[in-house]
Amino acid sequence: MDRDFRSRRGLRGFSVNRLIPNVLTLAALCSGLTAIRFGLQGQFRLAVIAIIVAAIFDALDGRVARRLGVTSQFGAELDSLSDFLCFGVTPALVLYLASLKDGGALGWVVTLMFPICSALRLARFNTGLLADTPPPAWTGSYFTGVPAPAGALLALIPLLVSFEIEAAWPRHPLVVGPVLVVVGGLMVSRLPTFSFKKGRVPRHLVLPALLGVALVMGVLASSPWIGVSLLGLVYVGLIPFSWTAYRRQAAQSGQAGEVVPLRSVDPGASP
């Protein structure tokens, strides 16, 4: 009977809703691969746009999976593999082709470091999902270190600035190299960073928040490269606040001084 049930299930196939999140993840993967193609052709603006598109798809796949109630371990693993390529390998290769290739062997070593940090971060995230004892529910509001998509965009800031001011110095290896090292370190660090998945806007701040979003969209529309760079810098500026908020919540839960292994409690979330 069990075999007949599996056969009937196979004939019926899977619901389209179950495929939508994976399709979005594959779209992100294709965008990351296309960014490598643009980088090899020297079209670095298009390469950065493709990485941003991959980040948008990556932000959507987990949220769509949660809304549809179709999160799965398969989707989480596929998302991790896509993140490694799109936000670990791709930005490092684009920066190498745009800048670090002029740094010789040291430039290549720095290039290698970034995807390695991304791989270590994703491996830590995946092993956290398999932990026997889940962390407290409140830790779901934080990530451990800078997540991979945000790290990729932070690493690209020197290139974005060079697009805006049309100058070569921001993409000099002495500028790009240290930024790549620092961002890679933030990705594998134990610093708690806001995940923004469970954030709520108080009722009296809804209109100011909408006004702020409108201003951000205006900046992105008028000066997209500077706008994305400023968003990245604001994100970095929020790290001390996320660390303070995490310590306060840890103290309130009686875990002050204890390092809680942070991970998202949702397998559909981005690492």
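Among the criteria (1) crowded, with 18+ Cβ neighbours inside 10 Å; (2) without any contact (Cβ under 8 Å) to a residue 24 or more places away in the chain, the one Leu186 does not fulfil is (2). Take Ala59 and decide whether it is more than 17 Å from the chain's Cα centre (by Cα), farther than 22 Å from Pro170 by Cβ, at pLDDT 85 or above and in a helix (DSSP H, G or I). When the stated conditions are applied, Ala59 does not pass them.
Within region 96-109, the set of residues being among the aliphatic types (A, V, I, L, M) and either in contact with a Lys or Arg (Cβ under 8 Å, 6 or more places away or on another chain) or surrounded by fewer than 22 Cβ atoms within 10 Å (Cβ to Cβ) (or both) comprises Leu97, Ala98, Ala105, Leu106, Val109. Screening the candidates Gly257, Gly268 for the property of being within 17 Å of the chain's Cα centre (by Cα), more than 30 Å from Phe163 (Cα to Cα), modelled with pLDDT under 55 and not in a helix (DSSP H, G or I) yields one hit, Gly268. Taken over region 151-198, the criterion of being farther than 25 Å from Ala59 by Cα and aliphatic (A, V, I, L, M) is satisfied by Ile165, Ala167, Ala168, Leu174, Val175, Val176.
The values are calculated or read from the model by the stated rules, or taken from the named source; none is laboratory data. Worth saying up front: this structure is predicted, and the values here are computed from it rather than measured. Don't worry about glycine lacking a Cβ; one is built from the backbone with ideal geometry, like all the others, and counts go over all protein chains shown.
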